[in-house]
Amino acid sequence: MFLQHLVDGILSGAIIALGAIGLSFTMKILRFANFSHSELLTWGAYFAVVFFAMAGVFGNPFAAPIAPFSFGWPLLVALVFSAVSTSVLALVLHRLVYRRLSRTAGHMTMVFASFGVALLLRNFVLLIFGADPIYYSTALQFAIRLPGGIRVMPDQVFLLGLTVVIVIALHLFMTRSRTGISMRAVSENPDLARVSGVNTDTIIAWVWVIGASGAAIAGVLYGLTVQLRPELGFALILPLFAAAILGGTGSLYGAVIGGLVVGISENLSVMVIPSTYKPAVPFLLILAVLYFRPEGLFGERNT
Amino acid sequence: MIGVLSYLIFFLILALTLGVAVLGLNLQWGFTGLFNAGVAGFLAVGGYAMAMLTGPSRAAVFGGFELPFVVGLLGAMIASGLAAIVIGLLTIRLRHEYLAVATFGIAVTIQLVCVNWEPVTGGTLGLIGIPNPTKAMVEGSLAQNAIYLAIVLIVTAIAYTGLQRLVQGPWGRTLKAIREDETAAASLGKNPVRIRLEAFVLGCMLMGLSGALYVGFIGYVSPFDFLPIVTFQIWTMLIVGGSANNRGALLGALIVWGVWTMSGFFIARVVPPEWQAQSGAIQAVLIGLILVIVLLFRPRGLIGEEIHVSRHARSAPADARPEAP
Amino acid sequence: MSAHLLEATGIVAGYRPDLPILHGIALYVDEGEVVTIIGPNGAGKSTFVKAVAGLVGITAGRVTIDGRDVTGRPAHRLAGEGVGFVPQTGNVFTTLTIQENLVVGGSALPRAEAVRRTDQVLSIYPALASRRSEKAGVLSGGQRQMLAIARALLTQPRLIMLDEPTAGLSPMAAAELFTLIRDLVKDGAGVLMVEQNAKAALRMSDRGYVLAEGENRIDGRAADLLANPEIGEIFLGVRPGTAKAEGG
């Protein structure tokens, strides 16, 4: 059982990690705790529903699956569509709400605003798509049996693989491209970055695009393994915050490892506490980290 | 006419009950700068304490001591105060946004406990049959509600005047000093952590009181009365009214609760039946819009802080301000 | 009359528009000059250079570079207009490598140009070149200051501003740094620096300004300032009432 929980934890941790990267960057670079970030996962998942509804153009991804997965190549297009749409949504929100507030008010005002934005985003999904759960595909999938009695779905293997690819791509972006390096510079010392010629507005736009894309992809991947509900993202607020805080805000690998720790702890917790209390696990992790190591496990303390 | 009057009384009872929680939040955020995103959790603690202390005894559920209403109110305050001390000791030193995340997590956890700790909370069914003290006094729901409104008014008035005295006295001045500049306040021999903790606990006790008044009025308690949306509502009330102003807190409670109930009323009339399931979503969208619009266009609320320059109102937050040369 | 390299007139600025720290500062720097600003704590020296660099909002007054009005330009655009700035604290990105610090320094340049300039700058500072892939956080104070200056030089600025460059350095490292700063102006750039170490700084400067309480007090040739007995008084904190006559 332990191994199965561990594997399940890694799989859900991968989704949390993808969602937490953006949250971690916003907390560090935009300097506010964005309670509306997890709603971007919901929107990402539902943007894919919209895409599948228009799927006549590309073909139904679940009609001609690439074995052993439950879906065909149009899912990859759906991921891109969802990432782009969610990025546009995030940039619009930034433009309408957060950018204005960052100039006229303190960052706690931005936290309040993110409460309001979260409420709006979640309830618009409810109004547009209804409260009933939606499935991308109702087709049954057969699990792969691994040694040790572990069972995983082929789609989950895809999810893990895609997460690894995205993290590597982000790593290269952050260390090789001028924009990525500037992003790390702004994260450490915005004023020095500005006097060095970095346009912080451009960097902030990049933060939203990366964060929203990661959230959208996480949302679609989550939708592959569970049903879609308007509360999908809301239920992930604490796991995402736990991952970002655990890893130390602003750190790519911190968010990834934080996500894995949260996913694994949640899944292993059912061995010691009733599974109904599982949603409290990320909260306990947050408390423990903030109490013992407020800069996170991998946070870089500026010197 | 009687219909309007009874509805008005009903409305005022709930608006002022929530207003007591807004006063508590105002003490925490408005006067002390503590970001409590777990308001619903402390309302729940108070509400359940009320139910346990004053409710009828049951075989399957612990509690049901059938104690008097006033004992229920005091017990609710003590219970939420104790919860606040434990939580406060763990979180009070945290930076603002971490405190927000941690307290948000507390509300989620309290909600989970309410749903799952069946021997004490009654689980998803909640606890029913909490006696409303006015039922024993007079006949007729209008008169009963009128008396309950009087009780709520008295409690609100006590909370309001008590808070006014506190924040205008030396303790309140210290609070504001800490909010504006913690290091400077500490150098004057004040213990900021202790004073912030005091404000946090007192604020949470008012939230517990509010939860108890609510449960005492509607006569039952269930975990679904304390969903996170309640936290958002109470925050919106404070922001709309204007933080660091107790009159603003109460005004905000009346206005936002008015918008909430009127929009619910309107939606029930106008929206086609097949959309009724989504009516809550429309109300939530309204609350979200109000919150964002007020923050963007009237960040100090309808009546903001008097006299003092508030950190929340001015252009740069204290912790984001570069050091002076 | 040809314009000064930097000319600032009537600068009113502060972190909050309603609480100005500077009350009408006037100052200029010419090509090939090292100009030092001195003054007691809280005089507004740092605020002034930050205002010129675009980090602090200017509510009144005018800043020109080579006669072009650049008042109120955002900091990142000033970097592309010939203004280089080395702040006092946090002068390098400690979590970035030396190479990456220079990449960020070249943000205002086209990519190819930035790469070329990075190589050029590294060839001038061999001590940095050999450690290019190390994190800047491991460097000593003097090395950090060197990297900070190298970073600011990447765009070949016309005006280089340094906020207390020798703070925390040993006397030997400070002397080395002053030599380096003197070299910066040989090919026509101008240097404006803020210094606590007033005497040593004035000795290697062409001109100096004394600020106090956000206002100009005294200015003139560095040698004259060194000989001026009033300067000691200002550093001892003479109240504005008595010094008002010369200031303003």
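Remarks
- Residue among B:46, B:63, B:88 that is among the small types (Gly, Ala, Ser), out of contact with any Cys (no Cβ under 7 Å at 6 or more places or on another chain), closer than 20 Å to residue B:192 by Cβ and more than 11 Å from chain A (Cβ to nearest Cβ): B:88
- Scanning segment C:66-85 for residues that are touching a Leu at 6+ places or on another chain (Cβ under 9 Å), crowded, with 22+ Cβ neighbours inside 10 Å and either under 19 Å from residue A:184 (Cα atoms) or without any contact (Cβ under 8 Å) to a residue 60 or more places away in the chain (or both) yields one hit, C:75.
- Single condition residue B:164 does not satisfy, out of (1) within 22 Å of the chain's Cα centre (by Cα); (2) closer than 30 Å to residue B:223 by Cβ: (2)
- Check on residue A:125, within 14 Å of chain B (Cβ to nearest Cβ), under 22 Å from residue A:12 (Cβ atoms) and part of a helix (DSSP H, G or I): yes
- Residues of segment A:31-68 that are more than 17 Å from the chain's Cα centre (by Cα) and not in a loop (DSSP other than H, G, I, E, B): A:49, A:50, A:51, A:52, A:53, A:55, A:56, A:57.
- Per the conditions (1) over 23 Å from residue A:194 (Cα atoms); (2) touching a Gly at 6+ places or on another chain (Cβ under 7 Å), the sole criterion not satisfied by residue C:170 is (2).
- Filter pass, residue C:63 being within 12 Å of another protein chain (Cβ to nearest Cβ), surrounded by 17 or more Cβ atoms within 10 Å (Cβ to Cβ) and in contact with a helix residue (DSSP H, G or I) (Cβ under 9 Å, 6 or more places away or on another chain): no
- Of all residues in segment C:155-192, those being out of contact with any strand residue (DSSP E or B) (no Cβ under 8 Å at 6 or more places or on another chain), crowded, with 24+ Cβ neighbours inside 10 Å and within 14 Å of chain A (Cβ to nearest Cβ) number 0.
- Counted residues, segment B:92-118 - those being at the interface with chain A (Cβ under 7 Å from one of its Cβ atoms), surrounded by fewer than 21 Cβ atoms within 10 Å (Cβ to Cβ) and at pLDDT below 90: 2
Here is a yes/no grid of residues against (1) of a type outside the set (Phe, Trp, Tyr); (2) at pLDDT 90 or above; (3) assigned to a helix (DSSP H, G or I):
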position	(1), (2), (3)
B:177	yes, no, yes
B:184	yes, no, yes
B:197	yes, yes, yes
B:200	no, yes, yes
B:214	no, yes, yes
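- Condition check for residue B:178 on (1) loosely packed, with under 15 Cβ neighbours inside 10 Å; (2) farther than 20 Å from residue B:250 by Cα: one failure, at (1).
- Residue in segment C:37-52 that is in contact with a Ser or Thr (Cβ under 7 Å, 6 or more places away or on another chain) and either without any contact (Cβ under 8 Å) to a residue 60 or more places away in the chain or not small (Gly, Ala, Ser) (or both) present: no
- Selection from segment A:85-114 of residues that are among the β-branched types (Val, Ile, Thr), within 8 Å of another protein chain (Cβ to nearest Cβ) and free of Cβ contacts under 8 Å to residues at least 24 places away in the same chain: A:97, A:104, A:109
- Any hit, segment C:193-203, residues being more than 17 Å from residue C:174 (Cβ to Cβ) and touching a strand residue (DSSP E or B) at 6+ places or on another chain (Cβ under 6 Å): no
- Near pairs, Cβ below 8 angstrom, 6+ apart or cross-chain, from segment B:18-37 (more than 14 Å from every other protein chain (Cβ to nearest Cβ)) to any residue that is of a type in the set (Lys, Arg): B:31/B:176; B:31/B:179
- Meeting the requirement of 1 or more residues that are more than 14 Å from chain C (Cβ to nearest Cβ) and free of Cβ contacts under 8 Å to residues at least 24 places away in the same chain, the helices (runs of 4 or more DSSP H) wholly within segment A:187-303 are A:252-269, A:281-292.
- Residues that are touching a helix residue (DSSP H, G or I) at 6+ places or on another chain (Cβ under 6 Å), in a helix (DSSP H, G or I) and either farther than 28 Å from residue B:145 by Cβ or hydroxyl-bearing (Ser, Thr, Tyr) (or both) do not occur anywhere in segment B:244-254.
- Residue in segment C:17-33 that is out of contact with any Cys (no Cβ under 8 Å at 6 or more places or on another chain), surrounded by 24 or more Cβ atoms within 10 Å (Cβ to Cβ), within 15 Å of residue C:191 (Cα to Cα) and at pLDDT 95 or above present: yes
- Matching entry among A:114, A:87 (being in contact with a His (Cβ under 9 Å, 6 or more places away or on another chain) and closer than 26 Å to residue A:180 by Cβ): A:114
- Any hit, segment C:142-153, residues being buried (at least 16 other Cβ atoms within 10 Å of the Cβ), farther than 22 Å from residue C:189 by Cα and in contact with a Leu (Cβ under 6 Å, 6 or more places away or on another chain): yes
- Strands (runs of 3 or more DSSP E) wholly inside segment C:5-67 that include at least 3 residues being within 17 Å of residue C:215 (Cβ to Cβ) and β-branched (Val, Ile, Thr): C:6-13
- Filtering A:29, A:66, A:15 for residues that are among the β-branched types (Val, Ile, Thr), buried (at least 17 other Cβ atoms within 10 Å of the Cβ), more than 14 Å from every other protein chain (Cβ to nearest Cβ) and out of contact with any strand residue (DSSP E or B) (no Cβ under 9 Å at 6 or more places or on another chain) leaves a single hit, A:15.
- Where residue C:130 falls short, out of the listed (1) free of Cβ contacts under 8 Å to residues at least 24 places away in the same chain; (2) of a type outside the set (A, V, I, L, M); (3) within 11 Å of chain A (Cβ to nearest Cβ): (3)
The values are calculated or read from the model by the stated rules, or taken from the named source; none is laboratory data. Source: prediction; values computed, not measured. Positions of Cβ are generated from backbone atoms using ideal geometry, with glycine treated the same way; all protein chains shown enter the neighbour counts.
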